[in-house]
Amino acid sequence: MSTIAGNLQAVEATIQVACEAAGRPRSTVQLLAVSKTFPAEAVLEAVAAGQRAFGENYLQEGVDKIAAVAKALPDTRLEWHFIGPIQSNKTRPIAASFDWVHTVERLKIAQRLAEQRPPELGPLNICLQVNISGEASKSGVTPDELPELARQVAALPNLRLRGLMAIPEPQIDPELQRVPFARLRELAQAIVKSGIHLDTLSMGMSSDMRAAVLEGASIVRVGSAIFGARHYE
Ligand SMILES: *Cc1c(COP(=O)(O)O)cnc(C)c1O
């Protein structure tokens, strides 16, 4: 078995155990394999092991990889999620190449994605990134501004607002890891209560996926636990 296939099995086991502990069916959590910095060959290995949803952070790298993988596997339907920071002049290729965007934090970006989404592809799935840890340096809409942004984005054409996403400050203690995830879940519940449909909580990475599943994650975004350590150039 390849290393990636073995790692996928281990991640799958972690998710299963967390689902059991949370009393949740395994089918309520989607594993997003974060392939940033890894070549198309790594994605192909993961696909051979049964993985179908992939996340990318860097636009050019992601677009090139999507094309390379599509060329190698023209008949395999994969799902591509954009999970990196978005520059407003780079929205067009995101709207044309990806199925999901997890990192919308401003109305202007959502408006551009809505205008630029090719209609034949169907609506682009959107998560709003929330600044849950409250540090000045981190991206995401503030919890205060979130309800208004959700209302505005939900009204845009060509987009489907699906839920919320967060990248909390790294935290080693497994109990403390749960705190910001619980907060994100509560923020989503409040929006649902206001009459906006949401079905997605994108939260949890390699080091905190168990805590995220315990607090209701519906997508965990896992990179290094599947593909290994990243080396940036
Ligand atoms: C890189 C990245 C991940 C995956 O992180 P790991 O710690 O490698 O699992 C998840 N989400 C986002 C937004 C990322 O940028």
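The values are calculated or read from the model by the stated rules, or taken from the named source; none is laboratory data. Keep in mind that what you see is a predicted model, and the values were worked out from it rather than measured. Ideal geometry is used to build each Cβ from the backbone, glycine not excepted, and the neighbour counts take in all protein chains shown. Calculation scope for accessible area: heavy atoms of the full protein, side chains included, ligands and nucleic acids excluded. Shrake-Rupley method; radii C 1.70, N 1.55, O 1.52, S 1.80 Å.
Quick look at the values:
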{"item": "Counted residues, region 65-93 - those being in contact (Cβ under 8 Å) with a residue 24 or more places away in the chain, under 23 Å from R230 (Cα atoms) and more than 16 Å from the ligand (Cβ to nearest atom)", "result": "4"}
{"item": "Complete set of residues in region 24-66 that are among the hydroxyl-bearing types (S, T, Y) and either touching a Cys at 6+ places or on another chain (Cβ under 6 Å) or not in a helix (DSSP H, G or I) (or both)", "result": "S35, T37, Y58"}
{"item": "Subset tally (residues that are within 14 Å of the ligand (Cβ to nearest atom) and either surrounded by fewer than 24 Cβ atoms within 10 Å (Cβ to Cβ) or in a loop (DSSP other than H, G, I, E, B) (or both)) for region 201-221", "result": "9"}
{"item": "Qualifying residue in region 186-194 (condition: open to solvent by 20 Å² or more (accessible area, probe 1.4 Å) and part of a loop (DSSP other than H, G, I, E, B))", "result": "yes"}
{"item": "Options R221, R178: the member that is within 30 Å of I4 (Cα to Cα), among the charged types (D, E, K, R) and out of contact with any helix residue (DSSP H, G or I) (no Cβ under 8 Å at 6 or more places or on another chain)", "result": "R221"}
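Table: residues versus (1) loosely packed, with under 15 Cβ neighbours inside 10 Å; (2) among the small types (G, A, S); (3) over 18 Å from F82 (Cα atoms).
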| position | (1), (2), (3) |
| --- | --- |
| I15 | no, no, yes |
| E20 | yes, no, yes |
| L32 | no, no, no |
| N57 | no, no, no |
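This table checks each residue for (1) closer than 28 Å to I15 by Cβ; (2) open to solvent by 30 Å² or more (accessible area, probe 1.4 Å).
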| residue | (1), (2) |
| --- | --- |
| V130 | yes, no |
| A155 | no, yes |
| I167 | yes, yes |
| D173 | yes, yes |
